[in-house]
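First the structure, in the form of structure tokens, and then the observations on it.
No lab work stands behind these numbers, since they all come straight from the coordinates. These numbers come from a predicted model, not from an experiment. As a convention, Cβ positions derive from the backbone with ideal geometry for all residues, glycine included, and neighbour counts pool all protein chains shown.
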Ligand code: SF4
Ligand code: SF4
């Protein structure tokens, strides 16, 4: 053997950008490439492509980690096509933490995007969402555009899945407090507070009726989940700190959106490296409860069969599938399962806007599956899913009603 052949292969530097969080080597190597997650991955099921599978995505992260590949268009597409639904995490026997890996990979790719796509994302995720007044201003602008039917000038796909804003409801604030007892602060959030005001009010009423003093924080605002999912962890930390400061005096923090409750329970991890905020974040996160987890006082009526839509961040993030069914039974409904129930509806944060074709396929599959249940109502406890499923049912002219479980509680 020559000296050349005996020399070990050069160690290539990782291609992750310094100073930005990246998938950790430990997480990457925890994947043993068994492929058991593949049948559970909605984007693999749709496309049949390894590049649209969890295993393929982790292999791509590994290639960047080991310096075999750079963050290029192929890598960006592979990460962008992921729903971050975490179905692969539930299925994985090796406990691969795919959710935090995809978030870190997206933080890495965000600065590499062309300005034309990065600019609007940064504007929304970094500048609008952390400012409650900007969320309301944006929602009011959207509501005016919808009232004047100017939204018809935009792309049809985006219009289908854009929340409808009722200006009269937006102008009618929620009460500051309801009921008496231990303080339960409500996360106002972003989409939930501007597009689902009725659900917010019903949530406060349900919490107050269950022996709490339900409080709407003075400022309100977003929990930061969307910013975290789409590559802006610093903005997500800022929003977490703002909300934590609002919630520190509350005995319970109540959240009626699956994606938000799942994200907020991880605030301790998000601010782990911050000596001041880390312990405060962990303390508040330990008091976060999804509405479905509360021991709610309900009155039973005959509500007939109700199809149960499991939001990804309920079933894969928090294992709250049984809680949805318990709440439905407690109000007098008979829960029925949707075929392929735990599969993502394609809403996935901004996915319907950023990946309209894949999202539309998942939306239609979900809507068709719901119609097979024979139920006249489908319970959906996440705003993105509610908008997406309502759009899917409209597309197939189905009269099935989409309701949040809070709306069923009397
Ligand atoms: S998060 Fe969802 S879409 Fe992404 S790889 Fe996992 S199962 Fe597939
Ligand atoms: S993520 Fe888990 S299930 Fe999927 S290939 Fe890797 S080890 Fe196997």
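Just want the ordering: 291, 36, from fewest to most Cβ atoms lying within 10 Å of their own Cβ. Can you show the working numbers first?
Numbers: 291 29, 36 14.
Taking fewest neighbouring Cβ atoms as first place, the list is 36, 291.
Take the Cα pairs of the stretch 1-158, get the Kirkwood Rh, then feed it into Stokes-Einstein at 4 °C and 1.567 mPa s and tell me D in µm²/s.
Working: Rh = 18.3 Å.
Result for D is 71 µm²/s.
So if I take the centroid of the Cα atoms in the stretch 68-104 and the same for the stretch 351-401, what is the distance between those two points in Å?
24
Where does the stretch 165-274 land on Rg(C-alpha)/(2.2 N^0.38 Å)?
Details: Rg = 13.9 Å, N = 110, 2.2 N^0.38 = 13.1 Å.
Output field value: 1.06.
Determine, from the Cβ-Cβ distance of residue 68 and residue 123 and an R0 of 45 Å, the FRET efficiency 1/(1 + (r/R0)^6), rounded to the nearest 0.05.
On the way: r = 34 Å, r/R0 = 0.77.
Computed FRET efficiency for residue 68 and residue 123: 0.85.
Specify the residue with the greatest mean-square fluctuation among 68, 334, 388, computed from a Gaussian network of the chain linking alpha-carbon atoms under 10 Å apart.
It is 68.
May I ask for the Rg/Rh ratio of the stretch 114-297, computed from Cα atoms with Rh as the Kirkwood radius, given to two decimals? Mind showing how you got there, number by number?
Details: Rg = 16.9 Å, Rh = 17.2 Å.
Reported Rg/Rh (Cα atoms, Kirkwood Rh): 0.99.
Taking springs between alpha-carbon atoms closer than 10 angstrom, which of 22, 147, 236 fluctuates most in the Gaussian network model of the chain?
147
Measuring from centroid to centroid over Cα atoms, what is the spacing of the stretch 205-239 and the stretch 153-195 in Å?
So the two Cα centres are separated by 12 Å.
Could you tell me the center-to-center distance, by alpha carbons, between the stretch 248-296 and the stretch 23-54 in angstrom?
Spelled out, the Cα-based centre of one part sits 29 Å from the other.
Take every Cα pair under 8 Å in the stretch 114-297 that's 6+ residues apart, average their separations, divide by the length, and report that relative contact order as a whole percent.
Numbers: 266 pairs, mean separation 38.4, N = 184.
Averaging sequence separation for qualifying contacts and normalising by length gives 21 percent for the stretch 114-297.
Does anyone have the angle between helix 321-330 and the longest principal axis of the chain? Alpha-carbon axes, 0 to 90°, nearest 10?
Its long axis makes an angle of about 10 degrees.
Could you work out which residue, out of 214, 84, 282, moves most in a Gaussian network model of the chain, that is, has the largest mean-square fluctuation with Cα springs under 10 Å?
282
What is the calculated FRET efficiency for residue 198 to residue 77, with r their C-beta to C-beta distance and R₀ = 30 Å, to the nearest 0.05?
It comes to 0.20.
Give, in whole angstrom and from largest to smallest, the semi-axes √(5λ) of the equivalent ellipsoid of the stretch 371-410, with λ running over the eigenvalues of the Cα gyration tensor.
Details: eigenvalues 60, 33, 10 Å².
Over the Cα atoms of the stretch 371-410, the semi-axes work out to 17, 13, 7 Å.
Two decimals is fine: what is log10 I(q)/I(0) at q = 0.06, 0.07, 0.08, 0.14 Å⁻¹ for the chain, from a Debye sum with one equal scatterer on every Cα and no solvent?
Each listed q corresponds, in turn, to -0.24, -0.33, -0.43, -1.36.
Contact order normalised by length for the chain, with contacts defined as Cα pairs under 8 Å and 6 or more residues apart; what percent is it?
Numbers: 694 pairs, mean separation 57.7, N = 410.
Averaging sequence separation for qualifying contacts and normalising by length gives 14 percent for the chain.
Regarding the stretch 230-373, what's the average projected area of the Cα-atom convex hull, expressed in nm²? Write out the running numbers ahead of the final one.
Working: hull surface 39.7 nm².
Dividing the Cα hull surface by four gives the mean projection, 9.9 nm².
If you fit an axis through the alpha-carbon atoms of helix 54-65 and take the longest principal axis of the Cα set of the chain, what angle between them do you get, 0 to 90°, nearest 10?
Roughly 50 degrees between the two axes.
Can you sort 117, 210 from fewest to most other Cβ atoms within 10 Å of each residue's own Cβ? Provide the component values of the computation, followed by the final result.
Numbers: 117 13, 210 19.
Placing the least packed residue first, the sequence is 117, 210.
Enumerate the residues in the stretch 302-345 having an amide nitrogen under 11 Å from the point lying 7 Å beyond the Cα of residue 396 toward its Cβ.
The answer is 339.
Considering Cα pairs under 8 angstrom that are at least six residues apart, work out the relative contact order of the stretch 82-193 and quote it in whole percent. Kindly include the intermediate steps, with their values, before the conclusion.
On the way: 35 pairs, mean separation 18.9, N = 112.
Across the stretch 82-193, relative contact order equals 17 percent.
Give me the distance in nm between label points sitting 7 Å out from Cα along the Cα-to-Cβ direction at residue 326 and residue 90, one decimal.
Output for this residue pair reads 1.7 nm.
Could you calculate the FRET efficiency of residue 137 with residue 354 from 1/(1 + (r/R0)^6), where r is the beta carbon distance between them and R0 is 22 Å, rounded to 0.05? It would help to have the intermediate numbers written out before the result.
Details: r = 23 Å, r/R0 = 1.04.
So the FRET efficiency works out to roughly 0.45.
Please arrange 345, 385 by how many other C-beta atoms lie within 10 Å of their C-beta, fewest to most.
Details: 345 34, 385 28.
Going from least to most buried by this count: 385, 345.
Classify the stretch 229-303 as rounded, prolate or oblate from the Cα gyration tensor: take a ≥ b ≥ c as the square roots of its eigenvalues, call it rounded if a/c is under 1.5, otherwise prolate when a/b beats b/c and oblate if not. Before the final figure, lay out each step's value.
Numbers: a/c = 3.18, a/b = 1.92, b/c = 1.66.
Prolate is the answer for the stretch 229-303, as a/c is 1.5 or above and a/b outweighs b/c.
Rounded, prolate or oblate: which one fits the stretch 71-211, using the alpha carbon gyration tensor with axes a ≥ b ≥ c (rounded when a/c is under 1.5, else prolate when a/b beats b/c, else oblate)?
Working: a/c = 2.34, a/b = 1.30, b/c = 1.79.
Because a/c hits 1.5 or more and a/b fails to exceed b/c, the stretch 71-211 counts as oblate.
Counting just the Cα atoms, what span does the stretch 304-408 cover along each of its three principal axes? Round to the nearest Å and put the largest first.
For the stretch 304-408, the Cα extents along the three principal axes come out at 38, 31, 23 Å.
Run the simple label-point estimate for residue 36 and residue 49 please: 7 Å along Cα→C-beta, distance reported in nm.
Between residue 36 and residue 49, the simple spin-label model gives 2.7 nm.
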